[in-house]
Every structure is written in C-alpha cells, then in structure tokens.
1. Mind giving me the nanometre distance, one decimal, between the label points for TYR110 and SER62, set 7 Å out from Cα along Cα→Cβ?
2. Determine the dipole magnitude for the chain: charges of +1 sit on the beta-carbon of Lys and Arg, -1 on that of Asp and Glu, nothing else is charged, the reference point is the Cα centre, and the result goes in debye to the nearest 20.
3. In Å², and per residue, what accessible area does the chain have when probed at 1.4 Å with the other protein chains present?
4. I need the phi-derived Karplus couplings for the range 276-285: 6.51 cos²θ - 1.76 cosθ + 1.60, θ = phi - 60°, integer Hz, Gly and Pro marked x.
5. Using the alpha-carbon atoms, what tilt in degrees (0 to 90, nearest 10) does helix 99-108 show relative to the longest principal axis of the chain?
6. Figure the gain on full extension for GLU180 and ARG101 (residue separation times 0.36 nm, minus the Cα-Cα span) and round it to one decimal in nm.
7. Leaving out ligands, DNA and RNA, what percent of the accessible area of the chain is carbon and sulfur, probe 1.4 Å?
8. Show the residues, 5+ positions off or on another chain, whose built amide H is closer than 5 Å to the amide H of LEU97.
Amino acid sequence: MTQNTKKRRGLGVVLIIILLVALVAGWIGYQAFMGPSIATDEEYFYVKTDEPYESVISSIESEGIVKNPTYFNYVAKAMDLESTGIKAGRYKLSKDLSNRRFIGNLRAGYQDAVKFRFQNIRLRQDFAGLLGRDFEADSLAFLNLLNDEKLAEKYGFNKENFFSMFIPNTYEIYWNTKPEEIIDRFSKEYEKFWTAERKAKADSLGMTTQEVSTLASIVKGEALHQDEMPKIAGLYLNRLKKGMLLQADPTVIFANNDFTIRRVLNRHLTIDNPYNTYRYKGLPPGPIMMPSIASIDAVLNYEHHPYIYMCAKDDFSGYHLYAQTVAEHLVNARKFQKALDARNIKK
C-alpha cells in the first residue's frame with residue numbers, strides 16, 4: 001500500500017468521523033430545539049404573576065414537564081430566556097410541542113385563555129369559589145369585590161343587586177387577569193346583553209334592568225322547566241300589578257338560608273327578612289340567585305294570562321297548576337300536600 005493510499009484512507013476515516021459527529025450533533029440539536037419535548041400528561045403549565053425565573057425552571061423540572069431538562073436548559077440559554085423573562089400565564093401543553101416553541105410561548109406570553117362558563121349559581125360565595133378555581137387570584141379576592149359596595153355603585157348597582165350584573169355565559173379570559181379586570185369584563189358584557197330592545201321591554205314593565213333580573217331570579221327558582229318560565233313570570237307580574245305579596249317559596253328558602261328545604265312550612269314564613277316575600281310586598285332587595293338569560297327573557301317576554309296563584313303539580317313533574325281564585329288554588333294545594341304526605345316529605 002502506497003503512502004498516498006494510506007493518506008487517502010486516513011483522510012476518509014477522518015471525514016467519516018467528522019460526518020458522524022456532525023450527524024450526532026445535528027440530531028442532538030434537532031432533539032433539543034425542534035423535537036417533541038413534553039413528557040407530562042398535564043394539559044397546562046401555569047406561571048404565576050411575578051414568579052422568579054429560577055422557580056419556573058425548577059417547576060418545569062420537578063413536575064416532569066419536559067423529557068430532557070438538560071436539553072431544555074440548553075435551549076433556554078441559547079434563546080436568552082432568562083434575560084427576556086417569562087410571562088405569567090396558562091400555557092397549553094401537547095406531546096408534539098418542542099422546546100423552542102414552548103420557550104417561545106413562555107417568553108412572548110402566548111397563553112391559552114380560560115373558557116369560563118357559569119350558570120345555576122346560587123350565592124356570591126359560590127361564584128367567588130368558581131372564579132378562584134379557574135383563575136390565578138384566590139376566591140377571597142373575588143368575594144371581597146363582590147361584597148364591595150363602592151365597586152357595585154361604580155357600575156350602577158348596590159351591594160344587594162350587584163349579583164345581577166353577571167350574565168351566565170361562556171367567557172374567554174386569560175388565567176392571570178386581575179380580579180378587578182375580570183369584574184370589569186363582566187360589566188361590559190352586561191351592557192352588551194341589555195340591548196335597546198331589552199331595555200325598552202323593561203321600561204314597558206315599569207322596571208329597571210336590575211329589577212327585571214331580581215324577578216328573573218325568582219322565576220328561575222320556581223321553574224324546573226324553561227318552557228314554563230314565561231307563564232310563571234306572568235303570574236308574578238300580575239301580583240305586582242295588583243299590589244299583592246309575591247309569596248314566592250324560593251325567596252323564603254333564601255331568607256332562611258337553608259337550601260335543603262323541600263317543603264316550605266308556616267315556621268319558615270315567620271322569618272323577618274326583606275327577602276321573605278310572604279311578609280314584604282314587592283320585589284326583594286336583590287336576586288335570590290344568579291338569573292339565567294332564559295329567565296330574564298321570560299320576564300321581558302312574559303305570558304299574558306289572568307292567573308295569580310300557582311301550585312306544583314302533584315305528579316312531581318316540575319310543572320305547576322294555575323288558578324285565578326283562592327278556592328281554585330286551595331284545591332290544587334291540597335292535591336300537592338297530599339302527594340307530599342304520601343311520599344313522607346316533611347320538610
């Protein structure tokens with residue numbers, strides 16, 4: 001073998017080694033920057049407001065967010081993540097997410113909004129709990145705002161009827177949005193909801209939008225079926241027009257603060273509370289629960305009829321029997337009371 005041949009073979013081996021090293025380096029670089037990186041089955045990764053960089057990196061490692069923390073840290077340094085900073089937020093994770101994309105999201109704040117949906121909320125503390133569950137701020141921060149008289153007045157409400165400003169729907173809001181900004185968002189949605197047409201219908205009833213919502217909360221409390229809401233609304237409006245007591249059982253349950261009551265008894269009616277519509281005429285000071293869109297629209301588009309009494313049907317279907325006179329109503333009431341006794345429902 002000639003000297004030149006040996007040199008060529010040696011050069012070939014060197015080139016192969018260089019090529020292999022380049023391929024390995026390229027493969028490692030690809031895996032570090034572009035390859036799928038997420039290891040966890042968690043759907044989101046959360047970064048708290050003002051959370052230190054070291055804390056975020058530590059969470060990524062300790063929670064097993066990425067497959068290879070060494071690769072992640074290398075790419076983070078290469079992309080100068082510490083200097084640019086990590087934005088607070090709720091970040092969507094997927095198995096095909098690369099370190100480069102994940103770090104880019106953290107750096108730019110490309111987070112997923114929370115699709116916050118609520119309905120059938122009875123008390124403001126329930127609503128505060130739901131908000132605290134879905135957003136960064138805790139439930140106490142939200143409850144303090146819901147109980148804030150000055151904040152309520154800022155939006156044209158008082159402490160008692162402030163709850164009617166929150167229209168049940170689905171809202172897209174970023175996880176780390178401040179509680180005050182979330183409340184403000186609900187206020188804007190309330191203004192959008194109360195269109196000129198809805199306001200005109202409220203005016204024709206001689207009611208404010210807050211009063212409509214308060215009555216709607218009672219309708220919602222009474223109605224098990226949405227299709228019966230306009231009829232129930234018509235009955236209560238008839239009572240209001242006649243100056244009669246509303247005598248709505250859901251308001252008595254609210255006044256007693258006992259939501260286990262299934263059968264309203266005379267002892268429940270004696271409570272001296274402005275929400276007890278068996279003792280106080282007119283609407284209560286505020287809603288007894290968060291009114292739904294359906295119940296608000298049922299009041300605005302109530303069914304015209306002559307009825308002023310109603311009683312649950314004795315078949316427990318959730319529907320009601322209606323009457324114009326006390327005599328008719330007593331017949332219906334006795335049927336229902338008999339059905340309750342038959343089922344041994346005492347309270």
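The values are calculated or read from the model by the stated rules, or taken from the named source; none is laboratory data. For clarity, every value in this text was computed on a predicted model and none was experimentally measured. FYI the Cβ positions are ideal-geometry reconstructions off the backbone, even for glycines, and counts take in every protein chain you see. Side chains included, ligands, DNA and RNA excluded: accessible areas come from the protein's heavy atoms. Shrake-Rupley method; radii C 1.70, N 1.55, O 1.52, S 1.80 Å.
1. For the pair TYR110/SER62, the computed spacing is 2.8 nm.
2. That gives the chain a dipole magnitude of about 760 debye.
3. Roughly 54 Å² per residue, with all protein chains present.
4. Along the range 276-285, the couplings run 7, 7, 7, 10, 10, 6, x, 6, x, x Hz.
5. Roughly 50 degrees, rounded to the nearest 10.
6. 25.3 nm
7. Carbon and sulfur: 51 percent of the exposed surface of the chain.
8. SER37, ILE38
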